[in-house]
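See below for the structure under consideration.
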Amino acid sequence: MKPNKHSDANKLSVAGLLISLGIIFGDIGTSPLYVVKAIFNKGTIEENLILGSLSCVFWTLTLQTTIKYVWITLQADNKGEGGILSLYSLVRKKAKWLIIPAIIGASALLADGMITPAITISSAIEGLAIRNPEIPTVPIVIAIISLLFFIQRFGTSIVGRIFGPLMFIWFSMIGILGLLYIVRAPEVFYALNPYYAVVTIINHPNSLFLIGAIFLCTTGAEALYSDMGHCGKSNIRMSWIFVKLMLIFNYFGQGSWLLEHAGTSIGDTNPFYAIMPNAFVGYGVIIATIAAIIASQAMISGSFTLISEAVRLNIWPKVSIRYPSDHKGQLYVPSINFILYIGCMLIIAVFQHSSNMEAAYGLAINLTFIATTILMCVFLSRVHVSNVWIVIFALFYFTIEIGFLAGNLVKLTHGGWLTLLLASTLFVVMFAWYGARKIKNSFVRFNDIRPYFSIIGELSEDKSVPVFASHLVYLTSANNKNEIESKIIYSILNKKPKRADVYWLVHVDVMDNPHTREYFVEQLIPQKLIRIDFKLGFREEQRISLLFRKVVEDMVEKGEIDITSNYDTLRKHGIAGDFNFVVLEKIIAKTHDLKWHEKIILEIYKALKKFSLSEEKSFGLDSSFVTLERVPLNIPNTKEVSLRRLP
């Protein structure tokens, strides 16, 4: 069993607290840049709306972020790891339909990863227009985002070390600036009373639009859970106390500025920059831009991790995953980096400025919140929480989140359509890939392997059959050691009989535990037919060639197998025999047996297959030692064919 490499990081420490500031809170920490501006939407500043909206922000952060995510959802850790797919892996055996909320949540989270860099960096850079209204901010935003995505291939572990201290400076800055303005209008603290939130939602003429804008203050809550493995729940909970205080001080500081300017039009003014002393605005823009870049980096890294999990869980096409540094958890997924970059550029091209992006933001991540609530209800049932508490949790948070969804749907025609379109496209990709695998598996037939022991043993010694390889390795999906796919038997015995000294069957079982690395060996025919079962966590890289070699070396060292070649010359000099992997590419023929929706799914799968890695590359096999065989899973029934034989 691999030791838990997160155990040290999960302990409460100063380093852990700094890491959590740099990785966990970037998204939610930069929300003051645009939330208040979005609430007033260039309209008139009304005193009742100031206290009501601030009350909504405070209680949203309390109920949605603090209670749901920091207190409750962080309990659903999968051996220290978090995130919607980690949560799904904990509960997936409870019901098959749980894949739907898991895919909805994952696709919406990826769509959110496209708009987060665009809106946060745009909001920060637009602060330059305070002193220089004529400055073109869009090209600067494009340049920064382009550079950010470009450097991903080199790894970000070196600069990542300073993210924590920089975010500490950011949170300290926004908290102090807010406090300095609160003293001018301390009555802003009336907003702590939930009465103002309730009355505003009931009485405001555009309450749904208001709810949609308020939701932006908690969009980063999912990141608290997704990145839990980096620093542990203790560090997240402790640092959240500091982060929440600084956020509230800043929001209320902006509220104090609004109270001073009640009755006037907010126009293009951003209250976030308005509470800064004039001499400090330039420094404020620089620090805000750094914080926005860090928030964007955290979202990009989170997307890479999400996709690596999705690939292992077979809900995303097999894509190239690289490890640009030795830093723990450092991933780079070129295809996702490109997709996120194109998505960011599309959003900037369509909306140009952050004030326009605000309408598009929130809808996608709202769906992730609802999906997490569904999965959490199943998890709470799994850990034997009382059904009464589960019902209360479900009713309370479904009410809140469906209310937010209604508010975000109002923004659909104002820009929400784009993020919904992006999320829907990602959902189709995930569902089609998952669905096609299920369809293909339904055609796979398994045979009892035991009746074939004698013929396989005889074939290995049959001198009339030319040697195909000294060691012949097949990847099998059979969970039962006594079963094997009929296509593997067909490949060994029928499709050009393959003689080998030793036949190996390798099975990979993706475990719910994220970091499991275990295996066991079964000699089905001693020295002739050997099965290896790998138990790999869903966050572990499936480098089967390397892992298989390690197992064989261990077996040789323990005297369990002799891999010396049986060719006389090679055996005389003690040279090991060759190994050949046979990969069966399963093809589904078009028949009338398929339903119309299955045909659509398979057509989408066929298109996606062109962009995914080959079977051998996805398992980390060296192509020079691989034989690829295409085998039909379903053969059209000859009864359907009408033929007349002529005399």
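For the structure I just gave you, tell me whether S454 is within 25 Å of F538 (Cα to Cα), among the polar types (S, T, N, Q) and open to solvent by 10 Å² or more (accessible area, probe 1.4 Å). Show your work before the answer.
Working: within 25 Å of F538 (Cα to Cα): no; among the polar types (S, T, N, Q): yes; open to solvent by 10 Å² or more (accessible area, probe 1.4 Å): yes.
It is false that S454 is within 25 Å of F538 (Cα to Cα), among the polar types (S, T, N, Q) and open to solvent by 10 Å² or more (accessible area, probe 1.4 Å).
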Residue check: is A262 among the hydrophobic types (A, V, I, L, M, F, W, C), over 30 Å from I151 (Cβ atoms), open to solvent by 40 Å² or more (accessible area, probe 1.4 Å) and in a helix (DSSP H, G or I)? no
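Given the condition of a type in the set (S, T, N, Q) and either open to solvent by 20 Å² or more (accessible area, probe 1.4 Å) or outside the structural domain of M376 (by the TED database) (or both), answer yes or no: does some residue in the range 86-94 qualify? I'd like the intermediate steps shown before the answer.
Kept after step one, since they are of a type in the set (S, T, N, Q), are these residues of the range 86-94: 86, 89.
After this cut, where a residue has to be either open to solvent by 20 Å² or more (accessible area, probe 1.4 Å) or outside the structural domain of M376 (by the TED database) (or both) as well, the list is none.
Checked the range 86-94: no residue is of a type in the set (S, T, N, Q) and either open to solvent by 20 Å² or more (accessible area, probe 1.4 Å) or outside the structural domain of M376 (by the TED database) (or both).
For every residue, the table says whether it meets (1) buried (at least 19 other Cβ atoms within 10 Å of the Cβ); (2) free of Cβ contacts under 8 Å to residues at least 60 places away in the same chain; (3) within 22 Å of M357 (Cβ to Cβ).
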position: Y196; (1), (2), (3): yes, no, no
position: L210; (1), (2), (3): yes, no, yes
position: R237; (1), (2), (3): no, no, no
position: L247; (1), (2), (3): yes, no, yes
position: Y273; (1), (2), (3): yes, no, yes
position: P277; (1), (2), (3): no, yes, no
Anything in the range 335-349 that is open to solvent by 30 Å² or more (accessible area, probe 1.4 Å) and farther than 10 Å from M114 by Cβ? List them, or say none. S335, F338, A349
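Can you report the number of residues in the range 464-490 which are of a type outside the set (S, T, Y), within 18 Å of D509 (Cα to Cα) and open to solvent by less than 50 Å² (accessible area, probe 1.4 Å)? Spell out the reasoning first.
Taking the range 464-490 as the starting set, the residues that turn out to be of a type outside the set (S, T, Y) are 465-469, 471-473, 475, 478-485, 487-489.
Checking the rest, the ones that are also within 18 Å of D509 (Cα to Cα) come to 473, 475, 478-485.
Filter once more, keeping what is open to solvent by less than 50 Å² (accessible area, probe 1.4 Å): 473, 475, 478, 482, 484-485.
The number of residues fulfilling the criteria is 6.
If we keep just the residues of the range 104-124 that are in contact with a Phe, Trp or Tyr (Cβ under 7 Å, 6 or more places away or on another chain) and at pLDDT 90 or above, which is surrounded by the fewest Cβ atoms within 10 Å (Cβ to Cβ)? Walk me through how you get there before you give the answer.
Going residue by residue through the range 104-124, those that are in contact with a Phe, Trp or Tyr (Cβ under 7 Å, 6 or more places away or on another chain) are 104, 107, 115, 119, 123.
Now drop any that are not at pLDDT 90 or above, which leaves 104, 107.
On the way: I104: 23, S107: 28.
Ranking the candidates gives I104 first.
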Mind checking which pairs have a first residue in the range 306-317 that is on the phi < 0 side of the Ramachandran plot and a second that is aromatic (F, W, Y) and in a helix (DSSP H, G or I), Cβ under 7 Å, 6 or more apart or different chains? I315/W433; I315/Y434; W316/W433; P317/W433
Among the candidates L210, L247, which residue alone is modelled with pLDDT under 90 and either within 18 Å of I294 (Cβ to Cβ) or not acidic (D, E) (or both)? L210
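Within the group S486, S470, which residue is under 25 Å from P632 (Cβ atoms) and at pLDDT 85 or above? Explain how you work it out, then say what you get.
On the way: S470 fails: under 25 Å from P632 (Cβ atoms).
Result: S486 is the single residue among S486, S470 that is under 25 Å from P632 (Cβ atoms) and at pLDDT 85 or above.
Among the residues of the range 213-235, how many are open to solvent by less than 10 Å² (accessible area, probe 1.4 Å) and either at pLDDT 85 or above or of a type outside the set (D, E, K, R) (or both)?
16
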Would the range 40-56 turn up any residue that is within 24 Å of the chain's Cα centre (by Cα) and either outside any helix (DSSP H, G or I) or of a type outside the set (D, E, K, R) (or both)? no
From (1) modelled with pLDDT of 85 or more; (2) open to solvent by 80 Å² or more (accessible area, probe 1.4 Å); (3) not in a helix (DSSP H, G or I), pick out the condition that doesn't hold for F581. (2)
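Any residue at all in the range 125-135 that's more than 26 Å from L245 (Cα to Cα) and among the acidic types (D, E)? I'd like the intermediate steps shown before the answer.
Going residue by residue through the range 125-135, those that are more than 26 Å from L245 (Cα to Cα) are 128-135.
In the following step, the residues that additionally are among the acidic types (D, E) were identified as 134.
Yes: the range 125-135 contains one or more residues that are more than 26 Å from L245 (Cα to Cα) and among the acidic types (D, E).
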Expected single match for at pLDDT 90 or above, assigned to a helix (DSSP H, G or I) and within 22 Å of I24 (Cβ to Cβ) among I145, I140, I151 is I145
Looking at I315, I347, which one is part of a helix (DSSP H, G or I) and among the β-branched types (V, I, T)? I347
Long-range neighbours under 6 Å by Cβ, at least six apart or interchain, first residue within 12 Å of I347 (Cα to Cα) within the range 408-421, second among the acidic types (D, E): none
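Just for the range 302-313: of the residues that are among the polar types (S, T, N, Q) and touching a Gly at 6+ places or on another chain (Cβ under 8 Å), which one is most open to solvent (accessible area, probe 1.4 Å)? I'd like the intermediate steps shown before the answer.
Here is the first cut: in the range 302-313, the ones among the polar types (S, T, N, Q) are 303, 305, 308.
Keeping just the survivors that are touching a Gly at 6+ places or on another chain (Cβ under 8 Å) gives 303, 305.
Details: S303: 4, T305: 27 Å².
Looking at residues that are among the polar types (S, T, N, Q) and touching a Gly at 6+ places or on another chain (Cβ under 8 Å), I get T305.
Out of the range 12-53, which residues are farther than 18 Å from G220 by Cα and crowded, with 24+ Cβ neighbours inside 10 Å? Working first, answer last.
So in the range 12-53, the residues farther than 18 Å from G220 by Cα come out as 12-16, 40-53.
Within the range 12-53, I50, L51, G52, S53 qualify.
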May I ask you to list pairs of residues, at least six apart or on different chains, whose Cβ atoms are under 7 Å apart, with the first in the range 385-401 being in the same structural domain as F369 (by the TED database) and the second being of a type in the set (A, V, I, L, M, F, W, C) and surrounded by 11 or more Cβ atoms within 10 Å (Cβ to Cβ)? I390/C377; I390/L380; F393/C377; F393/L380; A394/C377; I400/L63; E401/F369; E401/I370
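Yes/no per residue for (1) closer than 23 Å to T65 by Cα; (2) β-branched (V, I, T):
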{"position": "I266", "(1), (2)": "no, yes"}
{"position": "I275", "(1), (2)": "no, yes"}
{"position": "L306", "(1), (2)": "yes, no"}
{"position": "V311", "(1), (2)": "no, yes"}
{"position": "I321", "(1), (2)": "no, yes"}
{"position": "F338", "(1), (2)": "no, no"}
{"position": "A349", "(1), (2)": "no, no"}
{"position": "E358", "(1), (2)": "yes, no"}
{"position": "I370", "(1), (2)": "yes, yes"}
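For the range 162-256, please list each of the helices (runs of 4 or more DSSP H) lying entirely inside it that holds at least 3 residues being over 34 Å from the mean Cα position of the chain (by Cα) and either assigned by the TED database to the domain that holds A38 or under 16 Å from V35 (Cβ atoms) (or both).
Working: elements: 163-182, 194-203, 207-214, 221-226, 228-231.
Result: 163-182, 194-203.
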Checked A310, A279 against criteria (among the aliphatic types (A, V, I, L, M), under 25 Å from L340 (Cα atoms) and either assigned to a helix (DSSP H, G or I) or at pLDDT below 85 (or both)); the one match is A310
Name the residues in the range 584-598 that are part of a loop (DSSP other than H, G, I, E, B), open to solvent by 50 Å² or more (accessible area, probe 1.4 Å) and either among the polar types (S, T, N, Q) or in contact (Cβ under 8 Å) with a residue 24 or more places away in the chain (or both), would you? H592, D593
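The values are calculated or read from the model by the stated rules, or taken from the named source; none is laboratory data. The shown structure was predicted, so the numbers you read here are calculated from the model rather than taken from an experiment. Note: ideal-geometry Cβ built from the backbone for every residue, glycine included; neighbour counts use all protein chains shown. Keep in mind that these areas ignore ligands, DNA and RNA; they rest on the heavy atoms of the full protein, side chains included. Shrake-Rupley method; radii C 1.70, N 1.55, O 1.52, S 1.80 Å.
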